[in-house]
Amino acid sequence: REGTTTPQSGSTSWTGFIKSISSFSGDLSSLTAPPFILSPTSLTEYSAYWVSDPALLVAPASISDPEQRAVAVLKWFISTLKQQYSSRNEKMGSEKKPLNPFLGELFLAKWPIAGTESALELASEQVSHHPPVTAYNITDTDKTVKLTGYNGQKASVSKTLAITIKQVGHAILEFPKLNESYLITLPALHIEGLVSGSPYVELDKHTYVVSSTGFVSKISYSGKGWLSGSKNSFTANTWHKDSPKKILYAAEGQWTGSFHILDSHKKEVASHDPATVPHPTPVVADIASQDPLESRRAWQKVAEGVKKGDMDLVGHEKTIIEESQRQLRKREKEEGREWTRRYFDRLDKDPVFERLASCVGEQAEPDKTGGIWVAKATKAL
Ligand code: HCR
């Protein structure tokens, strides 16, 4: 059983939802989901999932050997997958449809780093509404680590009514004091369990984690097949770009569970057990003191409606937000200007991405995300 939320079978809302999936247009926000699979959380908050444990994200910065740093980055990356892709199942019983962020929406959060005076700070911003694109920048007070990226989704529906999602965008992890950067490509995914009313995410294809020092990791994903395989499975291999056939490290397991990274002699060099590491919740300002563009403040009444299952309130409050967004866009058009993004700049090409992506034959798709989004150099969080 994948989740605990089951629709009353045959209920009108469920039937309507299945119909809405079959006539799906490719825009996830157009899916009319029944109240029990609506989330009170906006997609801008999902950027926080990159920090499942602050210590794991900053750990590579204090490792002196580049090869061992690449292993620590691989460990950190795999450890984030559980939060990113299965935390709604664990907290709310099934995957939920997040609130669709408006242009300029912000989610600002912090995490203290245990044992230090430093903290990780996140600025997540909706940089495009059509197509929907969220950008994020996470950095620590001491500027030893910086993770910046953006993502949009291209969705389609299969004949078996699974929603297939290609993520567009990427993340760049930098250790500025070491002058080292990593490209992280994003996995594809699909939503299973829709017909049975317990949706959950399964990852597809692969992720590359490519270091400027030449180490490349490929994480390949698979799920439970008809005859074999386990849900949420992965295998990972690491090599150096100059000797692609020589596998230096390997790992396999379930990204929702514990895993071990082994060297070529099958000796364990790193391991992770999500049950034994803390998952501190990010510190977010009180709603009353938040900027009006901050997610929890802007969506407060909609979120109340979702939690109470009061769809009239949800509809009414959503219309207020949508109408005010329409007015803003109208005024911008009349004045011949566009919305100013607070934390991100748009590029046509990013040389850091180009250099790292060439090692694995990846290409940016700026036409699908309204550009390539990078953190503004001067903007303090
Ligand atoms: C696909 C998804 C929205 C996008 C979410 C993303 C890809 C956003 C960026 C994060 O870094 C990682 C991430 C994690 C989520 O797993 C993924 C969401 C899962 C479901 C949601 C769909 C829009 C929900 C469809 C609604 C179903 C339940 C009917």
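The values are calculated or read from the model by the stated rules, or taken from the named source; none is laboratory data. Since the structure is predicted, the reported quantities are computational estimates derived from the model, not experimental observations. We place every Cβ from the backbone using ideal geometry, glycine too, and count neighbours over all the protein chains shown. The accessibility values were calculated without ligands, DNA or RNA, using every heavy atom of the protein model including side chains. Shrake-Rupley method; radii C 1.70, N 1.55, O 1.52, S 1.80 Å.
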Where a ≥ b ≥ c are the square roots of the eigenvalues of the C-alpha gyration tensor, would you call segment 150-280 rounded, which needs a/c under 1.5, or, failing that, prolate if a/b is larger than b/c, or oblate? prolate
Length-normalised contact order of the chain in % [C-alpha pairs under 8 Å, at least 6 apart]: 16
Cα-based reach from K368 at 19 Å (exclusive), listing aspartates and glutamates while leaving out same-chain residues under 8 positions away: D27, E125, E338, D345, D348, D350, E354
Using a 1.4 angstrom probe and counting only protein chains, how large is the accessible area of S358 in Å², to 10? 80
At 0.36 nm per residue, and after removing the present C-alpha to C-alpha distance, how many nm does the segment from T235 to T281 gain when stretched out fully? 13.7 nm
Where does the chain land at 222 nm, in deg cm²/dmol rounded to the nearest 500, when only DSSP H runs of n ≥ 4 count, each adding -39500 (n - 2.57), divided by all residues? -7500 deg cm²/dmol
For a quick protection proxy, order the peptides 266-277, 55-66, 156-167 by their average other-Cβ count within 10 Å, most packed first. 55-66, 156-167, 266-277
For the chain, the accessible surface attributable to carbon and sulfur atoms (probe 1.4 angstrom, ligands and nucleic acids excluded) amounts in percent to 53
Just need log10 I(q)/I(0) for the chain at q = 0.08, 0.11 Å⁻¹, Debye formula, equal scatterers on the alpha-carbon atoms, no solvent, rounded to two decimals. -0.42, -0.81
Heads up, segment 217-277 by the C-alpha gyration tensor (a ≥ b ≥ c square roots of eigenvalues; a/c under 1.5 rounded, else a/b over b/c prolate, else oblate) looks oblate
Flagged links, alpha-carbon separation over 25 Å, of K159/K301; K75/K266; K205/K245: K159/K301
Contour minus Cα-Cα span, K330 to K177, at 0.36 nm per residue, comes to 50.6 nm
With a Förster radius of 45 Å, plug the Cβ-Cβ distance of D242 and L161 into 1/(1 + (r/R0)^6) and report the FRET value to the nearest 0.05. 0.50
Given a Förster distance of 45 Å, report the FRET efficiency between T15 and R337 from their Cβ-Cβ distance, rounded to the nearest 0.05. 0.50
So for segment 1-145, using the alpha carbon gyration tensor with a ≥ b ≥ c as root eigenvalues (a/c under 1.5 gives rounded; past that, a/b versus b/c decides prolate or oblate), I'd call it prolate
List, in the order given, every pair from K224/K349; K166/K231; K96/K231; K110/K241 whose Cα-Cα distance in the structure shown is over 30 Å. K224/K349; K110/K241
Would you calculate the separation in nanometres between label points at V195 and S271, each defined as 7 Å from the Cα along the Cα-to-beta-carbon direction? 4.1
Taking a label point 7 Å from the Cα of S64 along Cα-to-Cβ, the residues of segment 170-203 whose backbone nitrogen sits under 18 Å from it are 177-180
Separation between the S30 and H316 pseudo-spin-labels, each 7 Å from Cα along Cα→Cβ, expressed in nm? 2.9
Taking a probe of 1.4 Å, how large is the accessible area per residue of the chain, in Å²? 48
